[in-house]
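Trainee: Take a look at the following structure, please.
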Amino acid sequence: MPNPWRADTLGQLGEREKGCPLAGTALVAVGYQFLKTESLFLSPWPDAAMDIGGTLLPLGVASGVGGFLGLLLTPLATGVRRFLKPRVGPPSRPPTAAGRIASLRLAWLGVRILLVGAGTWFAWTAFWQLYVGFPGSLNFYVHHARFEEIVAQAKTMPLDPGSGKN
Amino acid sequence: MVTILTQDWGHAGSYGYVYDESEPVATGDPYFPFDVPGALPSLEVRLNQHWWTAYNGLD
């Protein structure tokens, strides 16, 4: 069975096999978000962030990008090897037109993986915040006017004596 | 300071927003990390100058 990550075999793959890395990327993104959502006590929101030394690191974005880069690591390693080989190794044959096409196919596959990952990411975030109703940037943007109205009403209420709270 | 509860899932936690015109005061208590009125003592993401997403996973 051909390795779908090898550039020189991409041209031999059918459309079904080419879709495997994309489906795998979407599966990783959804699976990660599902596991993170299951751990409700840790970070239930798709845009959760971790405070590291005063800097907020968006866990979802960071891990998502990390996961996609990990999926791209194998073809990148192949690219690095092909870049270094003619420079540090023995002379090799000149690149062929088929090789260039295979490289372009590999680059296009990487772009599609990133696009599918970003789309999955956005769809998952939209699902949790707009359909389920978890708080977050999207949910807040949609209901912002209503929340501001609640705050305005709360400001008109009398304060608890000495507490400064409504 | 105003707390708005948008999701109450019982033992699965409560979620919502906190509006605060000043800086939230940390308590040092891991179970109630911020001095916030209402049932959402854990602030998670700062959405803008006054708004935070908040939750309570202790129910």
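Trainee: If I go through segment B:6-29 residue by residue, how many of them are without any contact (Cβ under 8 Å) to a residue 40 or more places away in the chain, away from chain A (no Cβ under 11 Å) and not aliphatic (A, V, I, L, M)?
Mentor: Residues in segment B:6-29 being without any contact (Cβ under 8 Å) to a residue 40 or more places away in the chain, away from chain A (no Cβ under 11 Å) and not aliphatic (A, V, I, L, M): 5 in total.
Trainee: Give the residues of segment B:26-47 that are part of a loop (DSSP other than H, G, I, E, B), closer than 15 Å to residue B:16 by Cα and over 10 Å from the mean Cα position of the chain (by Cα), sorted by residue number.
Mentor: B:47
Trainee: A follow-up question, please. Conditions: (1) part of a loop (DSSP other than H, G, I, E, B); (2) within 11 Å of the chain's Cα centre (by Cα); (3) more than 20 Å from residue A:128 (Cα to Cα). Residue B:22 meets all but one. Number of the miss?
Mentor: (2)
Trainee: Please specify each residue of segment B:1-45 satisfying the condition of being within 24 Å of residue A:159 (Cα to Cα), surrounded by 15 or more Cβ atoms within 10 Å (Cβ to Cβ) and polar (S, T, N, Q).
Mentor: Result: B:3, B:6, B:42.
Trainee: A further question follows. Would it be correct to say that residue B:48 is over 25 Å from residue A:158 (Cβ atoms) and within 9 Å of chain A (Cβ to nearest Cβ)?
Mentor: Here the answer is yes, as residue B:48 does meet what is asked.
Per-residue answers, yes or no, for (1) within 14 Å of chain B (Cβ to nearest Cβ); (2) loosely packed, with under 11 Cβ neighbours inside 10 Å; (3) closer than 18 Å to residue B:2 by Cβ; (4) at pLDDT below 85:
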residue	(1), (2), (3), (4)
A:105	no, no, no, no
A:130	yes, no, no, no
A:133	yes, no, no, yes
A:147	yes, no, yes, no
A:160	yes, yes, yes, yes
A:164	yes, yes, yes, yes
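The values are calculated or read from the model by the stated rules, or taken from the named source; none is laboratory data. Only a predicted model underlies this, so the values are computations on that prediction, with no experimental measurement involved. Methodologically, a virtual Cβ is constructed for each residue, glycine included, from the backbone with ideal geometry; neighbour enumeration extends over all protein chains shown.
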